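The values are calculated or read from the model by the stated rules, or taken from the named source; none is laboratory data. Note that the structure is a prediction, hence the values are computed from the model and not measured. Backbone-built Cβ (ideal geometry, glycine too); neighbour counts: all protein chains shown. Keep in mind that these areas ignore ligands, DNA and RNA; they rest on the heavy atoms of the full protein, side chains included. Shrake-Rupley method; radii C 1.70, N 1.55, O 1.52, S 1.80 Å.
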Protein chains: 2
Amino acid sequence: MRLSAFALATTKETPADAEIVSHQLMLRAGMIRRLAAGLYSWSPLGMRVLRKVENIVRAEMDAIGALEMLMPAIQPAELWRESGRWDAMGPLMLRMTDRAEREYCFGPTHEEVITDYVKRDVRSYKQLPVTYYQIQTKFRDEIRPRFGLMRAREFIMKDAYSFHMDAADLDREYRNMRGAYHAILDRMGLDYRVVAADSGDIGGAKSEEFHVLALSGEDELAVSTDGAYAANIEAAKTVRPEGERAAPTGELKKIETPGVTTIAGLAEHMGVPESATAKSIVVMGESGDPVLLMLRGDHSLNEIKAQDLEGVVSPLTMADEATIRTHFGAGPGSIGPVNTNVTVIADYALANASDMVVGANYDGAHFTHFNWGRDHPEPQFADLRNVNAGDASPTGTGTLEILRGIEVGHVFQLGDKYSRALDLSVLDESGNAVVPEMGCYGFGVSRIVAAAIEQCHDDAGICWPQAIAPFDLVIIPIKADKSAAVREACETLYTELKAAGVDVAYDDRGLRPGPMFADAELIGVPHRIVVSDRGLESGKLEYKGRRDEQSSEIDHDVAAIKAVVLGG
Amino acid sequence: MRLSAFALATTKETPADAEIVSHQLMLRAGMIRRLAAGLYSWSPLGMRVLRKVENIVRAEMDAIGALEMLMPAIQPAELWRESGRWDAMGPLMLRMTDRAEREYCFGPTHEEVITDYVKRDVRSYKQLPVTYYQIQTKFRDEIRPRFGLMRAREFIMKDAYSFHMDAADLDREYRNMRGAYHAILDRMGLDYRVVAADSGDIGGAKSEEFHVLALSGEDELAVSTDGAYAANIEAAKTVRPEGERAAPTGELKKIETPGVTTIAGLAEHMGVPESATAKSIVVMGESGDPVLLMLRGDHSLNEIKAQDLEGVVSPLTMADEATIRTHFGAGPGSIGPVNTNVTVIADYALANASDMVVGANYDGAHFTHFNWGRDHPEPQFADLRNVNAGDASPTGTGTLEILRGIEVGHVFQLGDKYSRALDLSVLDESGNAVVPEMGCYGFGVSRIVAAAIEQCHDDAGICWPQAIAPFDLVIIPIKADKSAAVREACETLYTELKAAGVDVAYDDRGLRPGPMFADAELIGVPHRIVVSDRGLESGKLEYKGRRDEQSSEIDHDVAAIKAVVLGG
């Protein structure tokens, strides 16, 4: 590509409204332009990256035998009503009515449509298993679209769906797909982790996420030091500590704590570490009565774990102050388990605790020396909290560290949630109707472009992994206006390198060297060749890899350059 | 591709609700499946064709230096209000509001968005000309979606937009793009015509359409026998006849014509050909008064020509009966130009007519021997009618024939309609602000799949042009279950032909020959090889081209097969 004909539009200024580096660099490099909140156009530069991502994803899907197809973006409400998600999706789903007043949405995902599609054609076990995928524009009406493509409203996904006669075959294909995701991310050369995940609104039994590691990542990942365990912090498990509970060292004692309503304030007031206190959180139970959740003072509640507890309302609903006063006789800052008949569920970390500081159910008062069994019956213990760095890994070996990641892929074993809701069944070998098991597998095609930048950049701009770089190589001429030899050498290199399979950009815009170097670094071209009269005389050209500290010399020879750019 | 793993889903039954052959065959071949009115999913089979079309279109766009980009499907209402099209597009545009109650549409086209995009980056003449294109899903909420993909609501377009400093440069790029469209259609091997077109709602000065010829085509095309003229019948011009008007042969005479309200009835009643009568059509004028349009009895009004007349309301609005009675004193079947002060505009074909039969402005009466100049002042003559087969070509050579076509491409010179409305300007060499000229160029990526089938099919199914066929070749084994030699020969051929660059399908589904042959013909694979024990013994395999009457023999040799499939 000749850059004079490429409509490159870089800027030096960092846009004021771009909070994260990928958003800033995509705007500065001119890869995207904002149309409206959460809506971006891809420029020709951005499109080259997007197409390379798409082609890698397509190749790896094809390689595992997934079949590419394409479903409509606009989907009728009826299908979503059948699955029960028309209401459940809430305002995240962009809805509309057509000229005949029929209701539709802009599909945020396609479980309903693919199940309906399969239902029309698949009758027999002989037609299964089958895995379909599409690469398509989705829309999610985020309440706060931000971070450019990271949380855009319109975005491009690869979504795949598989159908199976039984759970074992689903598991086989799930592993296949997991392997394809590894292959995609390995080809892109990104540092990533696969973590156990919560299945959320999509439903289903088992799911894992693929995260590109980056400091700006919105997700926290708990990864064990020995590599044997990795989970999104939402799903990361804690274990009930072994060992024995220490015996009480004193009687339950009420202490006045006027104005103390936080754990930090309480610990300071009592002169104990936060870990010696227990916090009480009141949520609504399915019976209509509240449920008291207790955690160690320095731990944080994991809402997903809490709402998954039997008897607890999902999504998790905090009790309001009036309810708390009715059941505890005190306000939220002073409540505890003593003298209340509310069900208590305590986090595993409190199972071996003794002599705890807890709220006294009197405003402005706490108890010390609270002990299970003596001051309150033994409660139900459960995994209620978020893991912390340094926690023991639930696999029993190693400890957990917390990494930040950007979710770019999510693989699910859905089971029969959608096939059952949409009444899909096929005949098995004996002629019995069987409801197929389903898997679904999402990959963020546009998001990974931003994720790659978050992981791969420096002060000068983007440092693309070569597999998804807009160009492999840029040729920069020095004083081309004054040297026919430089112009001719550039033209020849450009033509011959293209013919050799190098994706080459030729900066023929007639700019000074400074702006050409700056643009090449900003847009992140992995390899750079500088052509000058001096270089031509010596037979050596100046070469610099995007990550290199210094430039070096390379023979003025297409085969030599190709070897450096494309390998061996 | 092994067909056992391809989820092929053909049916023998012609779907009852599919009216045209492409819709029937796409459903029967299992290329598409209906989701809702005008919404279709593309199966893996359909997707292979769609991708081949996309790749040809992309290659030809890239070849003329157009830059691929991608704009959002969802567009904010404000931009459409700036161009004045938010109201003008009416119910054809699918509209929605987001969670913040802001208005959007699902873009049916992208003139507004691309103009806004260019406005953000382009400041100087040095950045022009530039041509952008995208391949994208569009939505038009057709009042009556039908004919499958031919008039679907959601469909895939290639839309391109160019920006220029002056009209001459726009014209240069317009010709470029026109050339690319020829290249695309030539590569697809389709029989097509380029015709002059009306620019319609898009606006602008000059436009042409590319039509794939097919008997089922919705458009009529007027094409001169010498090839010098071609136009959509909407835009095809008629010329004012040369020669002199014959002198009147009798006085204006009123004849009772009770119950006669049609031209056919009038001609029969009077014993004259329809061409000796003149019909009167009353439309509303911009002044608020009606305008009388007159045509030869056997001619039909071209509404687009009529609404483009100065003084006539656009879109064309017929006068209601009350208005007609007020101004003519009679009902629509009996009106004419005599004794009314309404403005009269007559078609060119009446310029040399004399002794016409016209309505008398009395219910149930007509005049004979009506003559211009004597019975009514000379009116304005204009081109008001649709051309007919056999008409003289407006270029002065040859006569017109009427063909039927399916519009697959439309190229427009827009001028400054959108750049002016959206306030786009760039500085020229002298530092003066110039409003750029724009072109826009649409190509129906999904529609051409249906159009190709309309042109290329027979009783057994689709006969794809090879460039867009789902596979180049299918290998069909005979009695594979009983012959290891057949299975091995097929596997070897499959592997080697793939390696040789042939897009090959191997029908390993274990069916009887009849269903395999029927499927291969239905889905339209251009080349077929049959592998049987007898063939293997003789060293000759059975070969049949999709259009061949009879099969023939071919050497059992990859090079020989490749030569037939991909050409010498």
Out of everything in the range A:74-100 that is in contact (Cβ under 8 Å) with a residue 60 or more places away in the chain and charged (D, E, K, R), what residue ends up being nearest to A:PHE139 (Cα to Cα)? A:ARG85
Matching residues in the range A:61-70 (small (Gly, Ala, Ser), more than 8 Å from every other protein chain (Cβ to nearest Cβ) and open to solvent by 20 Å² or more (accessible area, probe 1.4 Å)) number 1
If we scan the range B:270-287, do we find a residue that is under 18 Å from the mean Cα position of the chain (by Cα) and among the basic types (Lys, Arg)? no
Determine, yes or no, whether B:GLU537 is in contact with a Lys or Arg (Cβ under 6 Å, 6 or more places away or on another chain) and open to solvent by 70 Å² or more (accessible area, probe 1.4 Å). no
Condition broken by B:GLU82, with the remaining ones in (1) open to solvent by 50 Å² or more (accessible area, probe 1.4 Å); (2) over 30 Å from B:MET165 (Cβ atoms) satisfied: (2)
Any chance the range A:332-354 includes a residue that's among the acidic types (Asp, Glu) and open to solvent by less than 20 Å² (accessible area, probe 1.4 Å)? yes
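Residue by residue, here is whether (1) in contact (Cβ under 8 Å) with a residue 24 or more places away in the chain; (2) assigned to a helix (DSSP H, G or I); (3) β-branched (Val, Ile, Thr); (4) at the interface with chain B (Cβ under 8 Å from one of its Cβ atoms) holds:
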{"position": "A:ARG33", "(1), (2), (3), (4)": "no, no, no, yes"}
{"position": "A:ARG51", "(1), (2), (3), (4)": "no, yes, no, yes"}
{"position": "A:ASN55", "(1), (2), (3), (4)": "no, yes, no, no"}
{"position": "A:ALA59", "(1), (2), (3), (4)": "no, yes, no, no"}
{"position": "A:PRO72", "(1), (2), (3), (4)": "yes, no, no, yes"}
Tally the residues that are in contact with a Cys (Cβ under 9 Å, 6 or more places away or on another chain) and open to solvent by less than 30 Å² (accessible area, probe 1.4 Å), restricting the search to the range A:511-528. 2
May I ask you to list pairs of residues, at least six apart or on different chains, whose Cβ atoms are under 7 Å apart, with the first in the range B:186-198 being closer than 20 Å to B:ALA306 by Cα and the second being surrounded by fewer than 19 Cβ atoms within 10 Å (Cβ to Cβ)? B:ASP198/B:ILE304
Within the range B:297-314, the residues that are of a type in the set (D, E, K, R) and surrounded by fewer than 21 Cβ atoms within 10 Å (Cβ to Cβ) are B:ASP298, B:GLU303, B:ASP308, B:GLU310
Residues within the range A:149-185 that are within 14 Å of chain B (Cβ to nearest Cβ) and outside any strand (DSSP E or B), tallied: 5
If you check A:LYS126, A:LYS158, which single one turns out to be of a type outside the set (Asp, Glu), at pLDDT 95 or above and assigned by TED's automatic domain parsing to the domain that holds A:SER22? A:LYS158
Residue in the range A:249-293 that is farthest from A:GLY336 (Cα to Cα), counting only those that are polar (S, T, N, Q) and part of a strand (DSSP E or B): A:THR277
Tell me, which residue of the range A:12-31 that is assigned to a loop (DSSP other than H, G, I, E, B) and within 23 Å of A:ASP472 (Cβ to Cβ) is farthest from the other protein chains (Cβ to nearest Cβ)? A:ALA29
Subset of the range A:106-135, residues at the interface with chain B (Cβ under 9 Å from one of its Cβ atoms) and either acidic (Asp, Glu) or in contact with an Asp or Glu (Cβ under 7 Å, 6 or more places away or on another chain) (or both), comes to A:ASP116, A:ASP121, A:GLN134
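Quick grid of which residues meet (1) modelled with pLDDT of 95 or more; (2) acidic (Asp, Glu); (3) over 32 Å from the mean Cα position of the chain (by Cα):
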residue: B:PRO526; (1), (2), (3): yes, no, no
residue: B:GLY535; (1), (2), (3): no, no, yes
residue: B:LEU541; (1), (2), (3): yes, no, yes
residue: B:ASP555; (1), (2), (3): yes, yes, yes
residue: B:VAL565; (1), (2), (3): yes, no, no
If I ask for residues that are open to solvent by 10 Å² or more (accessible area, probe 1.4 Å) and over 21 Å from the mean Cα position of the chain (by Cα), which ones from the range B:450-466 would you list? B:ASP458, B:ASP459, B:ALA460, B:GLN466
Identify, please: which residue in the range B:78-93 is within 11 Å of another protein chain (Cβ to nearest Cβ) and in contact with a Pro (Cβ under 8 Å, 6 or more places away or on another chain) and is, among those, farthest from A:ALA5 (Cα to Cα)? B:LEU92
Looking only at residues that are touching a Leu at 6+ places or on another chain (Cβ under 8 Å) and either in the same structural domain as A:ASP166 (by TED's automatic domain parsing) or of a type in the set (Gly, Ala, Ser) (or both) in the range A:387-401, which one is least open to solvent (accessible area, probe 1.4 Å)? A:SER393
Among the candidates B:ARG140, B:ARG146, which residue alone is open to solvent by 10 Å² or more (accessible area, probe 1.4 Å), closer than 30 Å to B:ARG28 by Cβ, more than 10 Å from chain A (Cβ to nearest Cβ) and without any contact (Cβ under 8 Å) to a residue 60 or more places away in the chain? B:ARG140
Going through the range A:541-560 one residue at a time, which ones are open to solvent by less than 80 Å² (accessible area, probe 1.4 Å) and over 23 Å from A:CYS456 (Cβ atoms)? A:LEU541, A:GLU542, A:ILE554, A:ASP555, A:HIS556, A:ASP557, A:VAL558, A:ALA559, A:ALA560
